[in-house]
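Structure, as structure tokens:
The values are calculated or read from the model by the stated rules, or taken from the named source; none is laboratory data. Owing to the predicted nature of the structure, the values given are computational and were not obtained by experimental measurement. All Cβ positions, even for glycine, are placed from backbone atoms using ideal geometry, and neighbour counts span all protein chains on display.
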Amino acid sequence: MIMVGNSQTTNVTPSTTMKYNTVDSNSSVSSEYYIRKLPYNPDKFMKDFDKELKIETMTGTGPGGQHKNRTESCVRITHLPTGLSVRCQDSRSQHQNLKKAKKKLLRKIKAFNKQVLLRDKNARRKQIIDSQTRIRTYNFKTKTVIDHRTKKKADLNEVLDNGRIDLLY
């Protein structure tokens with residue numbers, strides 16, 4: 001919940017909100033805003049998280065004998081929004097394997113989200129760098145000036161000494 005300016009802040013204590021002050025660099029306008037800190041409820045998160053999962057059970061593979069081949073203790077969980085999946089068959093108990101698989105999947109989702117955020121951040125950075133195009137290049141070694149907007153070249157001495165910037169237009 002964001003409250004901007006001098007709006008009412010009833011039932012808001014300093015422990016539940018964070019106050020920020022901003023100043024606009026182009027003018028002398030300053031603003032004040034509050035951001036409400038929401039309590040983290042892991043039970044609610046896990047309940048919502050469980051709705052996004054596809055859980056499959058199957059018999060385990062590998063050495064282990066008759067017990068492993070007959071019981072469905074192996075668990076595969078797929079997170080439907082991201083398509084990430086995890087398989088666990090470490091324990092003889094399906095419930096323990098389910099807990100381990102959920103923990104593995106949460107770690108995998110966190111890593112995936114971190115990677116996506118990093119990719120978006122790099123894309124924004126690249127877009128900013130690409131938008132800062134060059135206007136002119138002054139090459140003192142070859143004694144030329146290049147205007148990148150008009151693609152014209154001129155003599156460096158003519159432009160700098162005589163002020164003939166019109167040669168580039």
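Screening residue 101 against (1) in contact (Cβ under 8 Å) with a residue 12 or more places away in the chain; (2) under 23 Å from the mean Cα position of the chain (by Cα); (3) assigned to a helix (DSSP H, G or I) leaves a single unmet condition, (2).
Set side by side, the residues 100, 152, 121, 143 differ, and just one is farther than 30 Å from residue 58 by Cα and at pLDDT 90 or above, which is 143. Scanning the range 147-169 for residues that are loosely packed, with under 14 Cβ neighbours inside 10 Å and under 14 Å from residue 137 (Cβ atoms) yields 148, 149, 150, 151, 152. Just so you know, in the range 72-89 the residues that are in contact with a strand residue (DSSP E or B) (Cβ under 8 Å, 6 or more places away or on another chain) and closer than 14 Å to residue 51 by Cα include one that is surrounded by the fewest Cβ atoms within 10 Å (Cβ to Cβ), and it is 80.
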